[in-house]
Amino acid sequence: MTVAVVGGGASGLMAAIRAAGKPGKQVVILERQSRVGRKLAATGNGRCNLTNINISPDRYHGGADFVVPALQRTDAESAIRLFESLGLLCAVEEDGRVYPYTDQANSVVDVLRFAAAGRGVSVRCGCEVLGVRRRGKGFALETAEETVAADKLIIACGGAAGARLGGGMSGYRLLEALGHSRTELRPALVQLKTEGGETRALKGVRAEAELKVIVGGRPAAEKRGEVQFTDYGVSGPAVFDISRDALSGKDTEIVLDLLCRLSEEEISHRLLRRAEEWPGLSLENAFAGMLHSRLGVMTVKRCGMSPSGRLGNLTEDGAARLAACAKHLKMKVSGSMGFDAAQVTAGGIRTDEFDPYTMESRLCPGLYAAGEVLDVDGDCGGFNLHWAWASGLAAGDSV
Ligand SMILES: Cc1cc2nc3c(=O)[nH]c(=O)nc-3n(C[C@H](O)[C@H](O)[C@H](O)COP(=O)(O)OP(=O)(O)OC[C@H]3O[C@@H](n4cnc5c(N)ncnc54)[C@H](O)[C@@H]3O)c2cc1C
């Protein structure tokens with residue numbers, strides 16, 4: 001029996017390793033890039049955050065119920081055990097994030113490549129699958145050079161995110177050609193653009209903040225963590241986490257609390273005390289020691305005050321306005337940096353068209369799908385790769 005796996009990324013490699021090594025079964029990976037695991041090698045800033053010890057269904061979106069059986073079968077511990085059995089030492093870091101002990105994403109690619117080779121998986125790189133059709137009970141895959149026949153087919157082409165690393169529409173098209181349908185696609189875990197160009201002056205500034213997302217006047221999400229200001233808007237781990245919700249509708253605003261550890265009253269009090277102690281200082285120093293200097297100046301300007309004004313002239317009302325502004329810094333979201341910059345795709349092939357235990361199509365027997373091509377996306381922190389492993393493993397075992 002021939003099993004063709006289209007896509008040699010995270011889920012495809014895992015599916016192929018699990019499908020292989022059984023007598024009479026030939027497994028072939030067809031990968032369009034020049035090597036397998038290219039995106040995988042770039043994950044986690046080159047460190048690969050491969051899973052998280054806090055894996056649970058509520059960290060997933062889209063087909064959140066669909067993930068349950070695969071996650072029950074492959075929890076974080078068993079994923080770590082599996083990688084350790086392949087020779088990868090793992091290390092648990094802040095927030096339960098798991099990385100290879102080597103700190104090199106390439107180590108993850110290496111152990112998967114070695115395991116695939118050891119189990120006799122044949123890997124054909126530079127081989128893009130351009131079309132697919134049913135042939136008898138099996139499949140015929142069109143590449144630029146030939147037609148590849150397969151008895152069973154696993155589509156593990158990933159999603160639209162990270163185009164430079166192999167992301168694209170190909171997997172959706174192949175599955176659609178076999179009768180499947182998809183939901184709307186949106187970039188997720190992505191930097192946000194904001195209106196007004198105000199962040200240009202803050203480029204490079206990092207701050208710990210509590211972020212609230214308001215969509216159409218309604219609270220949609222909140223997250224505390226690091227925010228990085230850029231010339232187009234905001235980035236950083238906390239922004240990535242709320243980006244999915246921030247792009248879920250029109251008329252979106254983010255509200256940043258830049259001083260979450262202090263109440264408005266405490267901030268006002270500190271400002272007034274400072275005004276009393278150092279009346280000759282200029283207002284640009286009002287937040288010195290509390291906020292990054294450029295954030296302090298921006299807050300003063302936002303309140304309609306001049307940074308060169310005297311701190312000694314600060315009234316109680318002025319201090320209250322400055323405090324409120326630092327705790328409710330509002331920015332209008334105008335969009336995102338798009339699929340090219342996104343880490344993952346929200347939306348994908350409808351999960352109700354697949355069996356959540358086996359990853360087999362309910363519409364086309366012998367067809368399986370795994371990874372990001374399905375309508376499943378996870379939070380930032382190792383959840384997306386974990387889904388790739390868990391779904392790839394389920395598909396590979398059942399094929
Ligand atoms: C920059 C970046 C950093 C990330 N960091 C993390 C992280 O640290 N932790 C985490 O959990 N997630 C991270 N992610 C997300 C994670 O990488 C993906 O969710 C995961 O790789 C999806 O696995 P997959 O197997 O579905 O797809 P991929 O790993 O993208 O693999 C799909 C493969 O299919 C190939 N392919 C596509 N179409 C065809 C075709 N027609 N014919 C042949 N081959 C084809 C592609 O070339 C690709 O190699 C990151 C993503 C990006 C872009």
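Suppose we filter 280, 249, 304 for residues that are surrounded by fewer than 17 Cβ atoms within 10 Å (Cβ to Cβ), without any contact (Cβ under 8 Å) to a residue 12 or more places away in the chain and assigned to a loop (DSSP other than H, G, I, E, B); which single one remains? Lay out the reasoning, then the answer.
Working: 280 fails: without any contact (Cβ under 8 Å) to a residue 12 or more places away in the chain; 249 fails: without any contact (Cβ under 8 Å) to a residue 12 or more places away in the chain.
On inspection, the qualifying residue turns out to be 304.
Every condition in (1) assigned to a loop (DSSP other than H, G, I, E, B); (2) not assigned by TED's automatic domain parsing to the domain that holds residue 49 is met by residue 199 except one, and the failing one is (1).
Working only within the stretch 93-147, note down all residues that are basic (Lys, Arg) and out of contact with any Phe, Trp or Tyr (no Cβ under 9 Å at 6 or more places or on another chain).
Keep residues of the stretch 93-147 that are basic (Lys, Arg), which gives 97, 113, 119, 124, 133-135, 137.
Answer for the stretch 93-147, where residues must be basic (Lys, Arg) and out of contact with any Phe, Trp or Tyr (no Cβ under 9 Å at 6 or more places or on another chain): 97, 113, 119, 124, 134, 135, 137.
The residue that is nearest to the ligand (Cβ to nearest atom), counting only those in the stretch 1-36 that are farther than 14 Å from residue 368 by Cα and small (Gly, Ala, Ser), is 9. Contact map, the stretch 1-20: residues that are surrounded by fewer than 24 Cβ atoms within 10 Å (Cβ to Cβ) and of a type in the set (D, E, K, R) paired with residues that are assigned to a helix (DSSP H, G or I) and modelled with pLDDT of 95 or more, Cβ distance under 6 Å, separation 6+ or inter-chain. Pairs shown: 18/393; 18/396; 18/397. Inside the stretch 93-103, residues that are farther than 18 Å from residue 387 by Cα and modelled with pLDDT of 95 or more make up a count of 4. Residue-level check: of (1) without any contact (Cβ under 8 Å) to a residue 24 or more places away in the chain; (2) away from the ligand (no atom under 13 Å from the Cβ); (3) not in a strand (DSSP E or B), residue 168 misses just (2). Kindly indicate whether residue 341 is within 16 Å of the ligand (Cβ to nearest atom) and aliphatic (A, V, I, L, M). Yes; evaluated as a whole, the condition is true for this residue. Check 317, 340 and return the single one that is surrounded by fewer than 16 Cβ atoms within 10 Å (Cβ to Cβ), touching a residue at least 12 places away in the same chain (Cβ under 8 Å), outside any strand (DSSP E or B) and of a type in the set (D, E, K, R). It is 340.
Quick check on the stretch 97-114. Is at least one of its residues closer than 18 Å to residue 7 by Cβ and free of Cβ contacts under 8 Å to residues at least 24 places away in the same chain?
Taking the stretch 97-114 and keeping what is closer than 18 Å to residue 7 by Cβ, we get 105, 108-109, 112-113.
Next, from what is left, pick out any that are free of Cβ contacts under 8 Å to residues at least 24 places away in the same chain: none.
No, that holds for no residue.
Taking the stretch 29-52 as the range and being surrounded by fewer than 17 Cβ atoms within 10 Å (Cβ to Cβ), farther than 30 Å from residue 131 by Cα and either at pLDDT 95 or above or not assigned by TED's automatic domain parsing to the domain that holds residue 121 (or both) as the test, only 46 passes. Only residues that are more than 8 Å from the ligand (Cβ to nearest atom) and not small (Gly, Ala, Ser): list them for the stretch 378-399, please. Matches in the stretch 378-399: 379, 389, 393, 397, 399. The lone criterion from (1) in contact with an Asp or Glu (Cβ under 8 Å, 6 or more places away or on another chain); (2) in contact (Cβ under 8 Å) with a residue 60 or more places away in the chain; (3) surrounded by fewer than 21 Cβ atoms within 10 Å (Cβ to Cβ) left unmet by residue 298 is number (3).
In the stretch 257-305, which residues are small (Gly, Ala, Ser) and closer than 14 Å to residue 317 by Cα?
The initial filter retains those residues of the stretch 257-305 that are small (Gly, Ala, Ser), namely 263, 268, 275, 280, 282, 286, 288-289, 293, 296, 304.
268, 275, 304 - these are the residues of the stretch 257-305 that are small (Gly, Ala, Ser) and closer than 14 Å to residue 317 by Cα.
Kindly list, by first and then second residue, each pair from a residue in the stretch 123-146 that is in the same structural domain as residue 364 (by TED's automatic domain parsing) to a residue that is near the ligand (Cβ under 9 Å from one of its atoms) and among the hydroxyl-bearing types (Ser, Thr, Tyr), limited to pairs with Cβ atoms under 8 Å and residues at least 6 apart or on different chains. Note: pairs meeting the criteria are 127/143; 128/143; 128/170; 129/143; 129/170; 130/143. Do we find that residue 59 is of a type in the set (Lys, Arg), within 7 Å of the ligand (Cβ to nearest atom) and either crowded, with 18+ Cβ neighbours inside 10 Å or not assigned by TED's automatic domain parsing to the domain that holds residue 118 (or both) in this structure? So residue 59 does not fit the description; no. The residue list 185, 247, 189 contains one member that is under 16 Å from the mean Cα position of the chain (by Cα), on the phi > 0 side of the Ramachandran plot and of a type outside the set (Gly, Ala, Ser), which is 189. Of all the residues in the stretch 345-399, those that are free of Cβ contacts under 8 Å to residues at least 12 places away in the same chain and either in a helix (DSSP H, G or I) or touching a Gly at 6+ places or on another chain (Cβ under 9 Å) (or both) number 0. The residues listed here are 229, 240; of these, the one that is outside the structural domain of residue 11 (by TED's automatic domain parsing) and within 16 Å of the ligand (Cβ to nearest atom) is 240. The condition of being in a strand (DSSP E or B) and surrounded by 15 or more Cβ atoms within 10 Å (Cβ to Cβ) holds for only one of 175, 153, that being 153.
The values are calculated or read from the model by the stated rules, or taken from the named source; none is laboratory data. What you are looking at is a predicted structure, and each value in this text was computed from that prediction instead of being measured. No Cβ is skipped: glycine too gets one built from the backbone with ideal geometry, and neighbour counts run over all protein chains shown.
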